[in-house]
Amino acid sequence: MNETKFWVGFSLIPGIGRARISRLASYFTSMEQAWQANAAELEAAGLDAKSVQSVLSNRSKLSLDDEMSKLDRYKVRAITIVDAAYPAMLKEIYDPPPLLYIRGSLAPQDEWSLSVVGTRYPTYYGREVTQQIAGALAGNRITIISGLAKGIDSIAHRAALDAGGRTIAVLGCGLDIVYPIQHATMAQDIAERGALVSEYPLGTPPRRENFPLRNRIMSGLSLGVLIVEGKKESGARITVE
């Protein structure tokens, strides 16, 4: 836990994203050492001058203990890519997130999982087939993964919950924010019967550019992807690809 707070700290520094955190983790013997590094050491680790300045000017403003307490208040835990609890399949994708925020719990059985994605505006047929397939799979111990969005995502989550199964929602914002807000009750149900997952720290708003990126996590957590009525140019297709 002591080491984790430094990973969390770097995730909060502007301009220090996935690639730069990975560079720091590879170069330094610990993230605590990286957090205490001077400018020359940060440059040697592969950070450009702007990133180095961002670290130096922002880390003194952060109380890492306060950040960890905030995670506790929201019942969120952070796991790093070097933790044993980090999902094994997710490590195999081209760009695994170095840090995951989780509300709820990931279970060994979640390795048997399917992502269900599709349009926000399904037809009657789309709704019916999603409910039938997701519900039947969840009832047979297959975890259903989706993105909590309107339409196919929410139908798949609800079908899994109604079947008494597990479901995981991957969000494009911090886990202190539910987006869309009308799915707040469903998000609570998912946290109790599965997990809410995000690579973004608390307070991150649901920016448009976050959602295509979160799709790689959905695919990385699952053995396959079911697409229901998705357009050729859509987030659903990105997940499939």
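The values are calculated or read from the model by the stated rules, or taken from the named source; none is laboratory data. As the structure is a computational prediction, the values presented were derived from the model and not from experiment. Every residue, glycine as well, gets a Cβ built from its backbone with ideal geometry; the counts of neighbours run over all protein chains shown. Calculation scope for accessible area: heavy atoms of the full protein, side chains included, ligands and nucleic acids excluded. Shrake-Rupley method; radii C 1.70, N 1.55, O 1.52, S 1.80 Å.
Some values worked out for this structure:
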read-out	value
Computed helical MRE - 222 nm, the chain, DSSP H runs ≥ 4 contributing -39500 (n - 2.57), nearest 500	-12500 deg cm²/dmol
Within the accessible area of the chain (1.4 Å probe), percent carbon and sulfur	51
Counting DSSP beta bridges with both ends in region 65-214, the antiparallel % (nearest 5)	45
Nonlocal Lys pairs with alpha-carbon distance under 29 Å, the chain (8 or more apart, or different chains)	19
Accessible surface, the chain, averaged per residue in Å² (probe 1.4 Å)	49
Local net charge near GLY17, Cβ-Cβ under 11 Å (Lys/Arg +1, Asp/Glu -1)	+1
Protection proxy ranking of 21-27, 49-55, 217-223 - average other beta-carbon atoms within 10 Å, highest first	217-223, 21-27, 49-55
Residues of region 24-46 with amide N under 20 Å of a point placed 7 Å along Cα→Cβ from GLN53	37-46
R0 of 25 Å, Cβ-Cβ distance GLU43-ASP65: FRET efficiency to nearest 0.05	0.35
Computed over region 49-171, Kirkwood Rh from alpha-carbon pairs, angstrom	16.7
Read-out Kirkwood radius over Cα pairs in Å, derived from the coordinates shown; its label in (i) 18.5; (ii) 18.0; (iii) 20.9	(i)
For region 114-204, the Rg and Dmax computed from alpha carbons only, in angstrom	12.3, 37
Relative contact order computed over region 1-133 (Cα-Cα under 8 Å; 6+ residues apart), in percent	24
